[in-house]
Amino acid sequence: MNQHHPVAALEIRALTKRFDRPAVDGLDLTVRTGEFYCLLGPNGAGKTTTLRMVAGLLAPDQGAISVFGIDALADPVEAKRIMAWVSDEPMIYDKLTPTEYLEFVAGLWGIEPKLAEARSNELIGWLGLTPHANERCEGFSKGMRQKVALAGALVHEPRLIILDEPLTGLDAGSARQVKTVLRERVAAGGTVIMTTHILEVAERMADRIGVIASGRLIAQGTLDELRIKAGKGHSSLEDTFLTLVAEQVEAA
Amino acid sequence: MSQPASLTFLAHHEFRLAWRDWWSMLTAGRPHRIRVVALALVAFALFVHLVAFSIVGKFAEIEPNADRSTLVVITGCAVLAWSLMMSQAMESVTRAFYARSDLDLILSSPVVSRRVFAVRIAAIAASTVLMAVLLAAPFINILVWRGGPRWFSTYGVVIAVGALAAALAVALTVALFRTIGPKRTRLAAQIVAAVVGATFVIGLQIAAIISYGTLSYFTILKSDLLASLVPAVESVVWWPARAVLGDTTALAAVLCVSTLLLAAAIALFSARFGDHAVAAAGVSDSGVMQRRWRNGFRRVSPRAALRRKEWTLLRRDPWLASQTLMQLLYLLPPGLLLWRTFGSHSDDLVLLVPVLVMAAGQLAGGLAWLAISGEDAPDLVATAPIPASWIVRAKIEAVTGSVALVFAPFIAAMALASPRDALIAASGIVVSAASATLIQLWFRIQARRKHFRRRQTSSRVATFAEAFSSISWAGTFGLAAAGHWEAGITALIALGILIGARALAPKKA
């Protein structure tokens, strides 16, 4: 049975969160196992709020969140064990070195020390941080900090990685390294959910794209499926995205 | 309308920023609570006037032609105020060098930087003076009420002392910059600022302990020994004290000297401020290599990983460590008293109990803020696969472990001299530290550790509750050690403070 209908990496049902106004408004979303999913939307659409609720950083008002079949609201610890979260503003400890930071993350996730160390060394090398491995993070550029945060997200081999605008403020070289690491992660069977405002990145990297506006999913599918929905034959994702969002605004 | 980049334009800008900073501090970021703030301020003003009455009410009748002993005490109080103002001004000057909030804009504008920094130094002096005036006002008002308008001159002395403190703070910080460079000045200036603020009190206490076996620094100020060593009553050294007592000539002289010194500091150092600020900007991004003392990752539980992280971060941040350890400077005099009375079974040990209990509360409050609120990677720990209660517990363990480490030697030494007093002190330390930690837990906010300096502004209620609970517990266990039944009353007050703080704490989502 599961072979025909594998468990979804993420399943969101009727998710709702209100602040002064509804930020997420009865959202339904499914992300398949092993896919690279990009979540797009204008500013204030509810992307970050949605992903923060999935990561357990925000409590929803209503709805259900399931991560690989685990009810993330009923059993958040089990869900967190197989997830990783990377925010747009890399939050790391200035006074720790990348190696120490990764050791701390491994400790939090309870990873076997030898395994964690091997993975850390691999990630540090992979992300070009080897010369800075034993340097405190306080002097790092934003790109380097983002790489350290990404290494922290990968060191415990999560099955689902959630990234909120991970490429914001990165130079071309750093952005390419991050994209390469994520693509390899998906190739190895992992699932990646990412929000971005850089539509070319979504166009080139995503298996499927979800468009969210006013807290609701207004379109979802491959790029071709979105073009058909928007009635834009061979247009770019930018044109397709703007058409879909404009339709939603008109409908509202 | 003033011309852009004129002195008045820049002064207006500084004034607006300072006013909004103060307003935000008073209202804790909720400007709509004006009525509540006003009522709280009136109540607080009444309370401090009552406190001031109990302290200085009896001194209002001191004659203008005071004797040497009185002049020594007044001068001692002025030096104490000066040292505290100097400490505050040095911290403000250091911030002016290293805070990047608007320096990039100012330094990249076509405004003459000398003019900008002249206004900024004047603003530092003004805020130092204003703070001192506000703190001194209840005492001066009581003296005026009880002793007549001649005591108004004390306001002038406070202003003069504030201006002098600001001038010296600027000179000292610039001198540090030029001698040890921008990289070391940041930390050095903050440590010097804290030490300057504490040295005078601690020095007097140590002298009092050595000479008279008491913690009260007034004992040394009022001593015959000191009175015999100081200059005669006609000396200019006593002019500030004479000005306090209403001598208008002395007041005019003191005000003139301090204003001239401040003007000289502005004229001399404002031009260099810009260069130093640029130099300071160049040091903030330098990397620090960290030597690894062992090979391989260690097997640790998530709780142990959190505890170790807290201790490592505290150890590695010299500024945070200095700010925290500065609270421990005040333990030097009690430590000395303990050492001197050790083995004599003296009743002086009882005096140590409230000091230790108070210090434990203050230290625990600072550490608890760092561990509980000051989390630089909140998303990381919140998304880790561990229950939220574990995270909080590990952080509390880090705090209590640090407090235990600091106070264990004192308790051990006390236990050898008087097991009963040691037991009471240990109980007080546990209760006081637990109370401060609980208050920080109830009022926790998400903040970066580098904002430690501003922790008092995040919640007025938490700040006052923490301070008053430490004081009440210090009183409780001090009275208990002395065998007074009134300990029960202060314990009830402390519990009331905790219950009140819990009721006022923001509800967690």
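The values are calculated or read from the model by the stated rules, or taken from the named source; none is laboratory data. Quantities reported herein were computed from a predicted structural model and do not represent experimental measurements. FYI the Cβ positions are ideal-geometry reconstructions off the backbone, even for glycines, and counts take in every protein chain you see.
Worth a mention:
- Of the residues in region B:100-114, not one is modelled with pLDDT of 80 or more and within 16 Å of the chain's Cα centre (by Cα).
- Criterion (closer than 30 Å to A:Val77 by Cβ, assigned to a helix (DSSP H, G or I) and more than 9 Å from chain B (Cβ to nearest Cβ)) met by exactly one of A:Ala118, A:Ala175, A:Ala149: A:Ala118
Residue-wise test of (1) surrounded by fewer than 19 Cβ atoms within 10 Å (Cβ to Cβ); (2) at positive phi; (3) within 14 Å of chain A (Cβ to nearest Cβ).
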residue	(1), (2), (3)
B:Gly374	no, no, yes
B:Ile396	no, no, no
B:Thr400	yes, no, no
B:Ala408	yes, no, no
B:Ala413	yes, no, no
B:Ala422	no, no, no
B:Ser432	no, no, no
B:Ile439	no, no, no
B:Arg448	yes, no, yes
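The rows are residues; the columns are (1) farther than 30 Å from A:Arg204 by Cα; (2) touching a residue at least 24 places away in the same chain (Cβ under 8 Å); (3) surrounded by fewer than 18 Cβ atoms within 10 Å (Cβ to Cβ).
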| site | (1), (2), (3) |
| --- | --- |
| A:Leu27 | no, yes, no |
| A:Leu39 | no, yes, no |
| A:Thr48 | no, yes, no |
| A:Leu57 | no, yes, yes |
| A:Val86 | no, yes, no |
| A:Gly128 | no, yes, yes |
| A:His132 | yes, yes, no |
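- From B:Ser83, B:Ser54, residue being assigned to a helix (DSSP H, G or I), surrounded by fewer than 16 Cβ atoms within 10 Å (Cβ to Cβ) and modelled with pLDDT of 80 or more: B:Ser54
- Residue check, B:Gly287 in a loop (DSSP other than H, G, I, E, B), at pLDDT 85 or above, of a type in the set (Gly, Ala, Ser) and within 31 Å of the chain's Cα centre (by Cα): no
- Boolean, B:Pro387 is surrounded by fewer than 18 Cβ atoms within 10 Å (Cβ to Cβ) and closer than 18 Å to B:Gly478 by Cα: no
- Just one of the listed residues (A:Gly56, A:Gly44) is of a type outside the set (Ser, Thr, Tyr), within 23 Å of A:Glu238 (Cα to Cα) and at pLDDT below 90, namely A:Gly44.
- Options A:Ile111, A:Ile124, A:Ile162: the member that is among the β-branched types (Val, Ile, Thr) and under 23 Å from A:Met53 (Cα atoms): A:Ile162
- Matching residues, region A:6-52, being in a strand (DSSP E or B), more than 18 Å from A:Arg208 (Cβ to Cβ) and touching a Leu at 6+ places or on another chain (Cβ under 6 Å): A:Leu15, A:Val24
- Region B:26-45, subset of a type in the set (Lys, Arg) and exposed (fewer than 13 other Cβ atoms within 10 Å of the Cβ), residue modelled with the highest pLDDT: B:Arg35
- Pairs linking a residue in region A:181-204 that is more than 20 Å from A:Leu237 (Cα to Cα) to a residue that is in a strand (DSSP E or B), with Cβ atoms under 6 Å and 6 or more positions apart or on different chains, are A:Leu182/A:Val192; A:Val186/A:Phe36; A:Val186/A:Val192; A:Thr191/A:Leu160.
- Positions within region A:46-62 being away from chain B (no Cβ under 12 Å) and of a type in the set (Ser, Thr, Tyr), in sequence order: A:Thr49, A:Thr50
- Of all residues making up region A:101-115, the number that are more than 7 Å from chain B (Cβ to nearest Cβ), of a type outside the set (A, V, I, L, M) and either part of a loop (DSSP other than H, G, I, E, B) or crowded, with 22+ Cβ neighbours inside 10 Å (or both): 2
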